[in-house]
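The values are calculated or read from the model by the stated rules, or taken from the named source; none is laboratory data. All figures in this text were calculated on a predicted structure; none of them were measured in a lab. Here the Cβ positions follow ideal geometry from the backbone for every residue, glycine too, while neighbour counts run over all protein chains shown. Note: accessible area is taken over every heavy atom of the protein model, side chains too, but ligands, DNA and RNA are not part of it. Shrake-Rupley method; radii C 1.70, N 1.55, O 1.52, S 1.80 Å.
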Amino acid sequence: MKIRILDSVRIRLTVWYVSMLALVLIAFSVVIYTLLSRSLYERVDEGLRSVIGVATVSIMHDTEEGQTSEGASRSTVAELYNPQQTLALFDESGRLLAKNDPDDEFQPALPSLSSIPEEQALLYTESEKDGDDHHRVAVQQVSIPPANTPYIIFVSQPLEYVEEELESLRSILYYVGPVALAMAGLGGWFLARKSLAPVVEMSERARWMGAANLDQKLPVANPRDELGQLAVTFNELLGRLKAAFSQQRKFMADASHELRTPLSVIHTTAGVTLDRPQRDEAEYREAIKMIEEQSQRLIRIVEDMFLLARADSGHYPLHKSKFYLDELVEETGRAASMLASSKEVAIEVVNSSESPVYSDEDLLRRMILNLLANAIKYTPRQGSVRLSLTRRQQDYMIEVSDTGTGIPAEAQSQIFGRFYRVDKARSRAESADGSGAGLGLAIALWIAEAHGGSLRLTRSDSGGSTFVASIPIADSK
Ligand code: ADP
């Protein structure tokens, strides 16, 4: 199978992480660079402004001391000598009075006289003729008392240092950014690899799991983190699957066992009968009757198994219709009386008045008959069985109680299980209609639950047992 590079979560995580970090780094660099360059340029402007201020004061002093314009200008320029700056003083007509130029090369060129303001300095950036170097210039016209003599003060400073500083910041950001990204990418990749390692191990283990080794478990590194939770959930799922598989296996084993008994009876009966070349009619009849009974039993078991299998897979459709539950109770009570009369067991039916219901009539009949058949089967001669229907607020309560042998306490929780019988030999021996495979209560329970109701054993002791089924009324509208 071809794995594309972005199909790996590890690589996708790293790519995401590095891209996000790159965005953050770019934004961070732009902000830092903008703030720093603004503050450096502002600092230059501040310096130029303050030179104008100091020069003004100096001219003022020199004038007070009685110096001429040229004299005051020259001494001011000399006083404020700074190798980084060019300071030039002009008179109002633009005539150069004095100049301090460290290189003596720079020719200060004034902008048009009308554009030079008095209140504050005019600031601008000028390129040198060769174009690469820039100067920041501040020009201001000042009036010096007492005669209010106008001077034009020109200060200029090369921006070389600022540009160098910004250049070095640019190169730092240019090299540091990619290195930081590469390191973060590497770190991210290792982290992603480390945190996803349990997933890789889990998938390796899961690959070798099958029905045969479901009792294996996935490794749980830390049950509190997300991956640990995943492994725990998966292990729980495996547990449920294992339980379902073993239930299925048990069902198969029980089913084969149940089917084998009648089949071997049929096989033996046929074999024994055919052993002798000639038998009289009575013997043939007896053998065929036995075969018929056992086939009947087989049919019944297979039908029950089929019903439960369809119920399990959710493919058993309920054919619901409107009918009266009290009529069904009456009818099943009558059917049970015939079964019970041969055993001298009395059947009492306590019915409710009109009880309309919207349910699957055949299935409810089967549920009641299964309960009644059990009650009669496990009640000794002279005993009695009571079938009653009660309408409650939310549901109909169908109660089947008997004066039978009761169910041992340790078996009570298992009687609804498939193929479960308390006393196998007795259960089979006493089943006149071919039932007794231990599926009757499992089917009755499924029917009650498929209707949204329930079936419970509410009492069972030496005085007999009581089963109570509840079928919701809400469904019966
Ligand atoms: P079976 O086909 O064997 O009757 P069921 O699923 O109907 O299977 O019942 C399971 C087991 O529950 C029976 O084998 C029997 O031991 C016990 N049982 C069911 N109903 C009664 C009852 N009314 N009295 C005593 N035991 C009962």
Given the criteria among the hydrophobic types (A, V, I, L, M, F, W, C) and open to solvent by 50 Å² or more (accessible area, probe 1.4 Å), does A253 qualify?
yes
Looking at I471, I447, which one is open to solvent by less than 10 Å² (accessible area, probe 1.4 Å), among the aliphatic types (A, V, I, L, M) and under 36 Å from the mean Cα position of the chain (by Cα)?
I447
Has segment 18-25 got at least one residue that is β-branched (V, I, T) and within 21 Å of A138 (Cα to Cα)?
no
Filter segment 83-114 down to the residues that are without any contact (Cβ under 8 Å) to a residue 24 or more places away in the chain and of a type in the set (S, T, N, Q), then identify the one that is least open to solvent (accessible area, probe 1.4 Å).
N100
The listed residue being within 30 Å of F251 (Cβ to Cβ), modelled with pLDDT under 95, within 11 Å of the ligand (Cβ to nearest atom) and in contact with a strand residue (DSSP E or B) (Cβ under 9 Å, 6 or more places away or on another chain), out of G438, G434, G406:
G406
I'm checking my understanding of the structure. Among residues of segment 441-477 that are farther than 20 Å from E361 by Cβ and among the hydroxyl-bearing types (S, T, Y), which one is modelled with the lowest pLDDT?
S462
(1) touching a Phe, Trp or Tyr at 6+ places or on another chain (Cβ under 6 Å); (2) assigned to a strand (DSSP E or B); (3) within 26 Å of S37 (Cβ to Cβ): which one isn't true of S156, the others all being true?
(1)
Residues that are farther than 15 Å from T14 by Cβ and surrounded by 16 or more Cβ atoms within 10 Å (Cβ to Cβ), drawn from segment 172-188
L173, G177
Picking from R365, R334, R381, R297, the residue that is within 13 Å of the ligand (Cβ to nearest atom), of a type in the set (K, R) and under 24 Å from G436 (Cβ atoms) would be R297
Do the conditions hold for L328, that is, is it over 18 Å from S460 (Cα atoms), touching a residue at least 12 places away in the same chain (Cβ under 8 Å) and within 16 Å of the ligand (Cβ to nearest atom)?
no
Among the residues listed as A27, A55, the single one being in a helix (DSSP H, G or I) and surrounded by 17 or more Cβ atoms within 10 Å (Cβ to Cβ):
A55
For segment 136-148, how many residues meet the condition of being modelled with pLDDT of 90 or more and more than 17 Å from V54 (Cα to Cα)?
1
